[in-house]
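Okay, structure first, notes after.
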């Protein structure tokens, strides 16, 4: 697997204990969400059908991982008032939770004092998949970078745990 292009699905399929995602941007403009996001902006309705073409592949991966005993967590640091994109994410998070993810939200002003990583990423046990985005929220090049240095992975994991400990569970985080 080339270090600049790791396969997310393979990393998740090989996870034994944990798969934790840290998201820190207020806007993502990734192509695989473009149609769904545009539809939500036009109608205010979000696809929340776990069997839909949009969600089914993700739901299947999450359920397979959690069935193996992998704890899947997602924590989002967000500015308030939230962006339209965060409203969109929040509206669809019910499917993440239904699939088996634990999801929490941390208002950015409550992250003061935490030492945060420079970029979003996924922790898969002892591997770190960094996600690189450009300023407008599009994937950068390389989009992903796999890192396995134990000191880096531990520092990232410690930072994510600190965010998780302060964050609010999805069912308690209200967007006004």
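Scan the stretch 31-81 for residues that are touching a residue at least 40 places away in the same chain (Cβ under 8 Å), more than 27 Å from residue 10 (Cα to Cα), in contact with a strand residue (DSSP E or B) (Cβ under 9 Å, 6 or more places away or on another chain) and in a loop (DSSP other than H, G, I, E, B) and the total you get is 1.
Of all residues assigned to the stretch 92-103, none qualifies as being at pLDDT 95 or above and closer than 14 Å to residue 24 by Cβ. Here the stretch 82-113 is the region considered, the condition is being outside any helix (DSSP H, G or I) and within 22 Å of residue 64 (Cβ to Cβ), and the residue that is farthest from the chain's Cα centre (by Cα) is 100.
The values are calculated or read from the model by the stated rules, or taken from the named source; none is laboratory data. Here the structure is a predicted model, which is why all the values come from computation and not from measurement. Neighbour counts are summed over all protein chains in view; Cβ atoms, including those assigned to glycine, are modelled from backbone coordinates with ideal geometry.
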